[in-house]
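Taken together, the values in this text are just the output of simple stated rules run on the coordinates, not laboratory data. The shown structure was predicted, so the numbers you read here are calculated from the model rather than taken from an experiment. Heads up, the Cβs are rebuilt from the backbone with ideal geometry, glycines too, and the neighbour counts pull from every protein chain shown.
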Amino acid sequence: MAITAKPSFKLNKGLTLWLTGLSGSGKTTLAQALSRKLMDSNPLFPIEIIDGDEIRRTLSKDLGFSKDDRNTNVERVGFLAGKIAKHGVLVIVPVIAPYASGRHKARYMSESFVEVYIKASLETVKKRDPKGLYKQAEKGEVEHMTGLDDPYEIPANPELIVETDKLDIENSVRTIIEFLLGRGYIKNASNDLKNFLKSAH
């Protein structure tokens, strides 16, 4: 579904949009770019980003990086996202969430949930390494690094896959928006207006 030059996006119903992938795959970058795109089209678009790093510093500061602790963190984020989305908000969650079991629990805490696998090879994310974590992990300065010391369980059936080692930010955002439009989670109000005016003649 093509996006018009001057869209005016509106949210049809609350949704948790979960962006999962390796560190450095582009989750937070895409979350911020998507938020800007939707807000630029409609300053009143109801949207919230739950950032994984921020949650680790606040809500989950008591947790470590064992499998149980990681899943507990994901469960907390999923609970929070579901509560916010219930009030008619698009909640974007850029969180690694490495284990399928944790993501499964998070899914059922929201009335509407879309899992987006932000796909980038380990080689690609190690080259990007925006936080320097992979370099630190290889030096032994960081433990439990997902993709190196700890596993990342690739989603088996995500609603959408965005390959950020093949698409730039603009086209990655476009892919997500076109998916949301196609599934009816958002609508382009400018298109609706055009159709209404045509039918009125």
Separation between the TYR108 and ASP168 pseudo-spin-labels, each 7 Å from Cα along Cα→Cβ, expressed in nm? 4.3
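Report, in listed order, any pair from LYS83/LYS127; LYS27/LYS139; LYS135/LYS166; LYS105/LYS187; LYS61/LYS83 with a Cα-Cα distance greater than 30 Å.
Details: LYS83/LYS127 37 Å; LYS27/LYS139 25 Å; LYS135/LYS166 23 Å; LYS105/LYS187 28 Å; LYS61/LYS83 21 Å.
From the list (LYS83/LYS127; LYS27/LYS139; LYS135/LYS166; LYS105/LYS187; LYS61/LYS83), the Cα-Cα distance tops 30 Å for LYS83/LYS127.
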For ILE154 paired with HIS87, estimate the spin-label separation in nm (one decimal), with each label point 7 Å from Cα along the Cα-to-Cβ line. 3.9
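What relative contact order, as a whole-number percentage, does the chain give when Cα pairs under 8 Å and 6 or more residues apart are counted?
Values: 326 pairs, mean separation 67.9, N = 201.
Relative contact order of the chain: 34 percent.
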Report, by chain and number, residues whose modeled amide H sits under 5 Å from the one on LEU90, excluding near sequence neighbours (fewer than 5 apart, same chain). LEU15, ILE47, GLU48
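From the helices alone, meaning DSSP H stretches of at least four residues, give me the mean residue ellipticity at 222 nm for the chain, per-run term -39500 (n - 2.57), in deg cm²/dmol to the nearest 500. The partial results should precede the final answer.
Numbers: 8 runs with 86 residues, N = 201.
My calculation for the chain gives -13000 deg cm²/dmol from helical runs alone.
If you take the beta carbon distance between SER66 and SER8 as r and set R0 to 41 Å, what does 1/(1 + (r/R0)^6) give as a FRET efficiency, to the nearest 0.05? Provide the component values of the computation, followed by the final result.
Values: r = 46 Å, r/R0 = 1.12.
The formula returns an efficiency of 0.35 here.
Under Stokes-Einstein, with the Kirkwood radius over Cα pairs standing in for Rh, what whole-number D in µm²/s applies to segment 51-101 at 10 °C and 1.306 mPa s?
In µm²/s, the coefficient is 140.
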Rg (Å, one decimal) plus Dmax (Å, integer) for the alpha carbons of segment 141-182? 14.4, 45
Here are some values of Cα extents along the principal axes in Å: (1) 70, 33, 29; (2) 58, 36, 35; (3) 46, 42, 34. Which one was computed from this structure? (1)
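By average Cβ neighbour count within 10 Å, what is the ranking of 78-90, 143-155 from highest down? Could the numbers behind the result be given before it?
Details: 78-90: 19.0, 143-155: 16.2.
In descending order of packing, they fall as 78-90, 143-155.
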Across 5 Å bins beginning at 0, the whole-percent shares of Cα-Cα pair distances in segment 1-108 come to 2, 12, 21, 23, 19, 11, 7, 3, 1, 0
Give me the distance in nm between label points sitting 7 Å out from Cα along the Cα-to-Cβ direction at ASP53 and ASP40, one decimal. 2.3
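Among bridges DSSP assigns within the chain, what percent are antiparallel (round to 5)? Provide the component values of the computation, followed by the final result.
Working: 3 of 21 bridges.
Antiparallel bridges make up about 15 percent of those DSSP assigns within the chain.
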